[in-house]
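Have a look at the structure below before the remarks.
Read the figures in this text as sums done on the coordinates, not as results from a lab. Predicted, not measured: the structure shown is a model, and the values here were computed from it. Cβ placement follows ideal geometry from the backbone for every residue including glycine, while neighbour counts extend to all protein chains displayed.
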Amino acid sequence: MSTSDADGFMGQPVVEIRGLSKRFGQVVALDGLDLTLPRAAVGLLGANGAGKTTLLRILLGLTNATAGTASVLGLDTRSQGVKIREHVGYMPESDVLPTSTTAADFVGHMAEMSGLPARAARQRAADVLYQVGLDEERYRLIKGLSTGMKQRVKLAQAIVHDPGLVCLDEPTNGMDPQGRDDMLDLIKRIHRMLGISLIVSSHILEDIERVCDYVVILSEGRLMLAQPIEGVGTEHGDLLVRIDGDVDAFIHRLAGVGVYAARGASAELTARDELVIRYDGDHVYDAVRDAAADLGVALRSLRKPMQSLEDIYIGEVERPVEAGRTDGGS
Amino acid sequence: MAAPDPAMGEPAAYGEVYDRGYKHYEGERLGRPQALRALTRYSISRSLGIRKRWTAKIVPIILYTVAAGTVLVVIGVEAFLARVTDEVLMSYADFFGFIFVIEGIFVATIAPEMLCPDRRQDVLTLYFSRPITRLDYVLAKLTAAAILTLTLSFVPAALLWLFRNLLADAPLVALADNAGDLARIALAGGLISLYLGAIGLAISSFTGRKVIAVPVIVVGYLVTEGLVNTIAYALGENRIADWITFLSPATISNNLAYSLFPPQTGIDGIPFPWWAYAAGMALTIIIACAVMIWRYVPED
């Protein structure tokens with residue numbers, strides 16, 4: 001029986017967090033998080049010290065929250081940590097591999113450590129090392145492997161027991177550009193082809209954009225954003241319209257049908273001659289079309305301003321850090 | 001060509017290429033007990049140098065050879081002398097005294113090997129992401145160390161007992177008559193193995209470097225033995241001096257063995273009954289376990 005089917009996880013959110021806080025003495029690492037993560041590749045974004053690693057450790061049942069509750073695959077992190085770790089894989093950020101053993105031996109051992117019988121563990125280790133591209137190298141000592149290969153071994157031990165969820169902490173850390181590309185492709189494949197849910201913790205925006213379909217942004221232990229990446233930047237407020245013709249008449253005409261419009265008030269987002277039209281439903285598009293037709297003005301462009309993930313990330317994460325407000329918690 | 005699915009069980013033609021695509025695991029999951037067994041087994045095999053370079057196997061092979069060789073030599077000589085005398089070449093207590101030296105070196109080798117690389121290379125992070133608790137980790141390491149030291153403290157002495165009785169005129173009668181000796185061998189062997197294993201692990205838990213842990217354990221045995229003997233000698237015939245010998249691993253192990261197998265002649269009386277030494281060793285084991293728990297269990 002697969003992990004997903006075994007314990008009735010299918011259909012439930014992967015992670016549910018309510019009012020989660022974690023303090024280390026006076027330092028607040030996580031501050032009242034409320035969060036529900038779907039079965040997806042979830043990117044956990046935040047600057048160093050934002051609380052990402054602390055959150056992962058709580059989700060794995062390795063440390064208890066100061067307040068609040070969290071469940072992973074329907075299991076409570078406080079009381080069912082051991083059971084959670086049977087069904088969750090973890091790839092830590094740091095260098096954690098023993099040097100004087102082969103990749104096959106170690107990954108097989110970690111499969112047994114996850115509860116698989118010895119024979120199945122050896123078979124799974126061989127299969128998974130093949131999947132991560134280490135078929136030939138699996139009998140080499142780990143100390144003889146390159147940084148990229150070691151990262152693959154870490155990934156292999158995280159998925160060898162066929163977990164329902166894999167937590168990857170800074171998976172491209174210390175890798176060269178080619179190795180990073182390969183690792184991101186592998187991670188994407190794990191989710192999209194193997195169907196394993198992921199939480200990818202990173203401070204590198206591009207990594208998250210490439211492999212994830214849901215994003216969570218943390219800053220100073222607080223939740224800044226949690227939504228599908230596809231939705232980021234598509235819905236951001238008002239319509240921006242450029243016309244050739246009498247602008248004042250156009251604004252007046254729209255006002256006559258209850259649609260508010262003004263000359264480019266939001267300077268950051270509009271071109272110099274763009275009108276900002278308050279968007280409160282699709283009827284606004286009809287009003288704009290009708291006004292242009294009635295007044296005989298040319299409609300040169302009509303768009304919604306896009307706020308990218310990068311805009312949000314910079315706005316929510318980097319500004320507070322630049323201002324020197326760090327929690328130093330995780 | 002489309003690759004066949006091996007799971008379908010269709011006969012494969014020669015040279016056919018299988019698709020090794022990822023498959024979800026459908027088999028049984030044995031959970032925490034399996035994780036504990038795996039960690040214990042892995043710790044034992046790594047400590048013995050199995051699946052490691054040949055140099056890692058040298059010390060265990062030498063020590064096992066010396067232990068087995070001693071049993072064979074004793075049995076061989078006793079078999080030869082049996083025609084002229086009934087006396088044994090080496091009593092069980094003497095044998096435990098001799099084997100203690102080998103065990104001491106053995107523990108100094110295996111205990112750091114079990115703990116230090118896990119801490120130094122941060123493998124602990126991966127272990128604790130598996131379905132075990134931190135206390136499970138400590139218990140698995142203690143079990144592994146006890147099993148390994150038992151192979152030196154109990155197995156050779158038990159073989160000595162077996163061969164010695166098989167050499168008797170009526171082997172089956174001798175085996176039955178001397179069954180009590182085997183029980184005492186098991187008690188002494190079991191206690192000494194747990195005692196040495198726990199001390200070795202407790203010391204090793206303080207460092208991630210084997211090059212520090214190994215000499216600290218070896219020198220620790222020598223220093224405590226020397227110190228205890230010096231203090232006991234200075235105090236002279238004194239009850240306090242008898243109590244101080246509890247602090248020396250070598251002396252307490254020897255005294256346990258000699259109190260379980262009292263010598264016929266030639267050695268002064270053992271100041272306390274066997275259970276007092278057993279209690280002293282048990283207390284040390286508990287303290288050593290507490291030290292390990294203190295070193296590994298706190299989470300934040």
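Key figures for this structure:
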| item | result |
| --- | --- |
| Rule-of-thumb Rg ratio for the stretch B:110-202 [Cα; 2.2 N^0.38 Å; N residues] | 1.50 |
| Percent of beta bridges antiparallel (DSSP, the stretch A:119-226, rounded to nearest 5) | 45 percent |
| At q = 0.16 Å⁻¹, base-10 log of I(q)/I(0) for the stretch A:3-231 (Debye sum, equal scatterers on each alpha carbon) | -1.12 |
| Estimated FRET transfer efficiency when R0 is 22 angstrom, pair A:THR99-B:THR65 (beta carbons, to 0.05) | 0.15 |
| Sorted by Cβ neighbour density within 10 Å, fewest at the top, the residues B:VAL228, A:VAL160 | B:VAL228, A:VAL160 |
| Rel. contact order, % - alpha carbon contacts under 8 angstrom, at least six apart, the stretch B:61-296 | 27 percent |
| Cα-only Debye scattering, the stretch A:181-233: base-10 log of I(q)/I(0) at q = 0.20, 0.27, 0.32 Å⁻¹ | -0.74, -1.16, -1.35 |
| Reduced Cα scattering model of the stretch A:239-303, Debye log10 I(q)/I(0), q = 0.11, 0.13, 0.19, 0.28 Å⁻¹ | -0.20, -0.28, -0.61, -1.40 |
| Loop-exposed GluC sites (Glu not before Pro) per DSSP, neighbour cap 14 Cβ within 10 angstrom, longest uninterrupted part of chain A | A:1-234 |
| DSSP loop trypsin sites (Lys or Arg not before Pro) with at most 10 other Cβ within 10 Å: longest gap in chain B | B:84-300 |
| Gaussian network model of chain A, springs between alpha carbon atoms under 10 Å - residue of A:ILE208, A:ILE251, A:ILE159 with greatest fluctuation | A:ILE251 |
| The protein assembly as shown: antiparallel DSSP beta bridges as a percent of all, rounded to 5 | 65 percent |
| Of B:VAL216, B:VAL66, B:VAL77, the one that fluctuates the most in a GNM where chain B has Cα springs shorter than 10 Å | B:VAL77 |
| Listed residues A:LEU240, A:LEU168, A:LEU44, most fluctuating in chain A (Gaussian network, C-alpha, under 10 Å) | A:LEU240 |
| Exposed-loop-free span, longest in chain B, where chymotrypsin sites (Phe, Trp or Tyr not before Pro) count as exposed if DSSP calls them loop and at most 11 other C-beta atoms lie within 10 Å | B:55-300 |
| Efficiency of FRET between B:ARG53 and A:LEU194 - r from beta-carbon atoms, R0 35 angstrom, step 0.05 | 0.50 |
| CD proxy at 222 nm, helix term only [per DSSP H run n ≥ 4: -39500 (n - 2.57); per residue of chain A; nearest 500] | -9500 deg cm²/dmol |
| More than 35 Å apart - percent of Cα-Cα pairs taken over the protein assembly as shown | 57 percent |
| Spread of Cα-to-Cα distances over 10 Å intervals beginning at zero, given as percent, for chain B | 6, 23, 26, 21, 12, 7, 4, 2, 0, 0 |
| Burial ordering of B:SER91, B:SER204, A:SER202, A:SER79, fewest other beta-carbon atoms within 10 Å first | A:SER79, B:SER91, A:SER202, B:SER204 |
| Ranked B:VAL107, A:VAL241, criterion: other C-beta atoms within 10 Å, fewest first | A:VAL241, B:VAL107 |
| Chain A - share of DSSP beta bridges that are antiparallel (%, nearest 5) | 65 percent |
